[in-house]
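Remarks on the structure that follows.
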Amino acid sequence: MSGTKIHPTAFVEEGAQLGENVLIGPFCHIGPKAVIGDGCNLMSHVVVMGKTTLGANSKVFPHAILGADPQNNKHKGGDTTLSIGRNCTIREGVTMHRGSDSSIGTTIVGNDCQFLLMRMLHMIVM
């Protein structure tokens, strides 16, 4: 964990594996089965749950949730995973779920990917 910095308000559970030169920002929560690759930057309020692997040099923006239970009624609570490749950018508010045990059990994200969540609100005041 050489060069790794964890903000005092972040919570990294026992068992989590952090690579070298990882930055864990304020109010992040890293679960016990998480694997965070070398050079990753998790900004504030990032949650990493379940068996989730984040590839090297990936950047995760505030309020992203990685590795939550799948949103699939067929999922029976099996030991499923989320695998995110290296050099990925995951922007604010993005949620990525683990795979469902009704399929292959793994959500796989390749290398050099960008994930965005765009929300628009139009308000007309009369």
With respect to S44, determine if the residue is at pLDDT below 95 and on the phi < 0 side of the Ramachandran plot. no
G93 vs (1) farther than 19 Å from T4 by Cβ; (2) out of contact with any His (no Cβ under 7 Å at 6 or more places or on another chain); (3) not aromatic (F, W, Y): all pass except (2)
If you scan the stretch 60-85, which residues turn out to be surrounded by fewer than 17 Cβ atoms within 10 Å (Cβ to Cβ) and either among the charged types (D, E, K, R) or within 20 Å of H45 (Cα to Cα) (or both)? P62, A68, D69, K74, K76, D79
Unique match (being under 25 Å from E14 (Cβ atoms) and modelled with pLDDT of 90 or more) among V94, V109, V35: V35
Are any residues in the stretch 97-106 out of contact with any Gly (no Cβ under 6 Å at 6 or more places or on another chain) and either at pLDDT 90 or above or part of a strand (DSSP E or B) (or both), and if so, which ones? H97
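The values are calculated or read from the model by the stated rules, or taken from the named source; none is laboratory data. Since the model is a prediction, treat every value here as computed from it, not as a measurement. Counting neighbours? That spans all protein chains shown, and the Cβs are built from the backbone with ideal geometry, glycine included.
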